[in-house]
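Take a look at the following structure, please.
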Amino acid sequence: MVNNGIVVALDIGSTCVRAVICERDDDGILKIMGVGSRPSSGLRKGVVVNIEATLRAVAAAIEDAEMMSGLEAHDCWMGIGGNHINGLNSRGVVGVSGKKRDSREREIGQDDIDRVIEAAKAVVIPTDKQILEVIPQNFKVDDQKGIRNPLDMIGVRLESEVHIITCTVTGAQNLIKCVNRAGFRVNELILQTLAAGRSVLTQEEMDLGVLLVDLGGGTTDALVYVDGTPYSTYTIPAGGSQVTSDISIIKSISLENAEKIKINAGCCWDDLLEDDEVVIVPGVGGRAPMTIPRSLILTIIKPRMEEIFKMIKQHIESLNLPRFLGGGVVLTGGGAQLSGVLELATDMLRLPARLGSPMPVPELGGLVDEYRNPSYATVIGLALEGDRRSNQDISQNTTDLRKREKQNTALIDKLRTWLKEEFL
Ligand SMILES: Nc1ncnc2c1ncn2[C@@H]1O[C@H](COP(=O)(O)OP(=O)(O)OP(=O)(O)O)[C@@H](O)[C@H]1O
Ligand SMILES: [Mg+2]
């Protein structure tokens, strides 16, 4: 997949569709050139329920990014997440083929690594599911454990541990269909939390073990890293939209007003409230405006957020992790901006919490303040990860070509020798 220096990322969320167009400059820096963002109404909990509405939002968001960048989008790296995603850990074992050398020492080649990852993929996946990602966690060569990259090591038996992420076939197909019908190709689907992790987590956090929580509109998605690689994927079918809807129902106000209240005056940690703080809410159907104490809004929001963190805590406890998550918890997604959410997460999960916004890194340009916001974590991470994968594909293609060239040269040499021996 040659990207011609242009990388397009698309994050179709339950509340918002975001597109980013990046271009690689002469210094090799991937620069954000255009961004588009449109409200999304065609998804429920990460699953497409209205193709027409989704494709319109996709087309409009990409068009906005095209206008801003002056570049044209053709294909994109698209995020996938939500309730239909599952993660599992698996192992594979192979004998080292030792193709690389004729001696008795068996040197592990790329073919052996590919085979052992393939072997770990041999798990029973329901027919309505497909494999989205297979992420190698570590390798074992004979009795030596915890190897990150076994290439060129000597050994007889090669073992791999991988994290497999699956999604429903229809969930993936419907997302791709929306993008195709909007006039764009999809290079690859990438797990949204994996992308968000790429833009907000440091390598040190991943190595120490970290919990990434994407507080979205329709769902809350969690990804646990242990020893530098993904270990567990988990989704809770509740997010910021439920909080808004709770306020709307309990206070009998429109969803639009409830959303405004949540964003401007919402809070889920008591100590952050001052005494006697109130919010004025416009009345519905010509009724007089209401004055609501902020403490009352807190009593609506906090239980829902507590419920979300309680489910995450139960999931983490059920994992029996090999060690403590030294990197703490990183909250990202639009909902991470809710006042008091870091304090609540720290208290409930017993882990230090921080806000996860896209971080400035040397390989990324154009990350102005507006995009250093947790709502942009996934789409910017998709651009970074998409760029990495397309470069990997290019270098893989070059390696394959070189391999084939080498094989052809060897064959011609053999033929030449044979002709010489037979006829000269
Ligand atoms: N300042 C804020 N305070 C509280 N909540 C906020 C704030 N800004 C955005 N949100 C909430 O964040 C949610 C949207 O987050 P985000 O854009 O990450 O979701 P999404 O990607 O569209 O959804 P999903 O990932 O679930 O498919 C909404 O519920 C919105 O109300
Ligand atoms: Mg999202």
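The values are calculated or read from the model by the stated rules, or taken from the named source; none is laboratory data. What you see is a predicted model; the values in this text were computed from it and never measured. Please note: Cβ atoms are built from the backbone with ideal geometry, for glycine as well, and neighbour counts cover all protein chains shown. Heads up: the accessible areas ignore ligands, DNA and RNA and are worked out on the full protein's heavy atoms, side chains in. Shrake-Rupley method; radii C 1.70, N 1.55, O 1.52, S 1.80 Å.
Got at least one residue in the range 87-103 being within 16 Å of ligand 2 (Cβ to nearest atom), under 20 Å from R198 (Cβ atoms) and under 23 Å from the mean Cα position of the chain (by Cα)?
The answer is no, given that none of the residues of the range 87-103 is within 16 Å of ligand 2 (Cβ to nearest atom), under 20 Å from R198 (Cβ atoms) and under 23 Å from the mean Cα position of the chain (by Cα).
Hey, another quick one. If the requirement is being within 13 Å of the chain's Cα centre (by Cα), on the phi < 0 side of the Ramachandran plot and of a type in the set (V, I, T), which of these qualifies: I261, I165?
So the residue among I261, I165 that is within 13 Å of the chain's Cα centre (by Cα), on the phi < 0 side of the Ramachandran plot and of a type in the set (V, I, T) is I165.
Residue by residue, here is whether (1) among the hydrophobic types (A, V, I, L, M, F, W, C); (2) modelled with pLDDT under 95; (3) in a strand (DSSP E or B); (4) open to solvent by less than 20 Å² (accessible area, probe 1.4 Å) holds:
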site: K313; (1), (2), (3), (4): no, no, no, no
site: P322; (1), (2), (3), (4): no, yes, no, no
site: V330; (1), (2), (3), (4): yes, no, yes, yes
site: A336; (1), (2), (3), (4): yes, no, no, yes
site: T346; (1), (2), (3), (4): no, no, no, no
site: R354; (1), (2), (3), (4): no, no, yes, no
site: S357; (1), (2), (3), (4): no, no, no, no
site: L367; (1), (2), (3), (4): yes, no, no, no
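Is it fair to say V162 is open to solvent by 30 Å² or more (accessible area, probe 1.4 Å), of a type in the set (A, V, I, L, M, F, W, C), part of a strand (DSSP E or B) and at pLDDT 95 or above?
Spelling it out, it is not the case that V162 is open to solvent by 30 Å² or more (accessible area, probe 1.4 Å), of a type in the set (A, V, I, L, M, F, W, C), part of a strand (DSSP E or B) and at pLDDT 95 or above.
Taking into account only those residues within the range 379-389 that are in contact with a strand residue (DSSP E or B) (Cβ under 6 Å, 6 or more places away or on another chain) and open to solvent by less than 10 Å² (accessible area, probe 1.4 Å), which is farthest from G13 (Cα to Cα)?
Only one residue tops the list, namely G386.
Another question, if that's okay. Could you check W77 against (1) part of a strand (DSSP E or B); (2) away from ligand 1 (no atom under 16 Å from the Cβ); (3) open to solvent by less than 20 Å² (accessible area, probe 1.4 Å) and say which number it fails?
It is condition (2) that W77 fails.
Also: Which pairs turn up if I take residues in the range 262-284 that are away from ligand 2 (no atom under 16 Å from the Cβ) and look for partners that are open to solvent by 80 Å² or more (accessible area, probe 1.4 Å) and assigned to a loop (DSSP other than H, G, I, E, B) with beta carbon separation below 8 Å, at least 6 apart in sequence or on another chain?
I280/P289; V281/P289; P282/P289; G283/P289; V284/S252
Could we say that A238 is among the aliphatic types (A, V, I, L, M), within 16 Å of ligand 2 (Cβ to nearest atom) and in a loop (DSSP other than H, G, I, E, B) here?
It is true that A238 is among the aliphatic types (A, V, I, L, M), within 16 Å of ligand 2 (Cβ to nearest atom) and in a loop (DSSP other than H, G, I, E, B).
Of these, E204, E306, E256, which one is open to solvent by 20 Å² or more (accessible area, probe 1.4 Å), assigned to a helix (DSSP H, G or I) and modelled with pLDDT under 95?
E256 is the lone residue from the list that is open to solvent by 20 Å² or more (accessible area, probe 1.4 Å), assigned to a helix (DSSP H, G or I) and modelled with pLDDT under 95.
Moving on. With the requirement that a residue be out of contact with any Pro (no Cβ under 6 Å at 6 or more places or on another chain) and of a type outside the set (S, T, N, Q), what does the range 373-385 give you?
P374, V379, G381, L382, A383, L384, E385
For the range 2-49, give me each residue that is in contact with a strand residue (DSSP E or B) (Cβ under 7 Å, 6 or more places away or on another chain) and acidic (D, E).
D11, E23, D25
Checking the structure you have, find out if any residue of the range 169-180 is without any contact (Cβ under 8 Å) to a residue 12 or more places away in the chain and either surrounded by fewer than 20 Cβ atoms within 10 Å (Cβ to Cβ) or farther than 30 Å from R106 by Cβ (or both).
Checking the range 169-180: at least one residue is without any contact (Cβ under 8 Å) to a residue 12 or more places away in the chain and either surrounded by fewer than 20 Cβ atoms within 10 Å (Cβ to Cβ) or farther than 30 Å from R106 by Cβ (or both).
Sort out which residues of the range 16-50 are loosely packed, with under 15 Cβ neighbours inside 10 Å and in contact with a Lys or Arg (Cβ under 8 Å, 6 or more places away or on another chain), and write them in order of number.
Listed by number, the list holds a single entry, D25.
Sort out which residues of the range 284-302 are closer than 24 Å to T220 by Cα and either open to solvent by 70 Å² or more (accessible area, probe 1.4 Å) or in a loop (DSSP other than H, G, I, E, B) (or both), and write them in order of number.
Matches in the range 284-302: T299 only.
Another one. Hey, does the range 275-283 have a residue that's buried (at least 19 other Cβ atoms within 10 Å of the Cβ) and either of a type in the set (F, W, Y) or assigned by TED's automatic domain parsing to the domain that holds G216 (or both)?
Yes, because at least one residue in the range 275-283 is buried (at least 19 other Cβ atoms within 10 Å of the Cβ) and either of a type in the set (F, W, Y) or assigned by TED's automatic domain parsing to the domain that holds G216 (or both).
May I pose another question? Of the residues in the range 1-45, how many are touching an Asp or Glu at 6+ places or on another chain (Cβ under 8 Å), within 13 Å of ligand 2 (Cβ to nearest atom) and not polar (S, T, N, Q)?
Number satisfying all stated conditions: 2.
What tally of residues in the range 175-189 results from selecting those that are assigned to a helix (DSSP H, G or I) and in contact with a helix residue (DSSP H, G or I) (Cβ under 7 Å, 6 or more places away or on another chain)?
Total meeting the criteria: 4.
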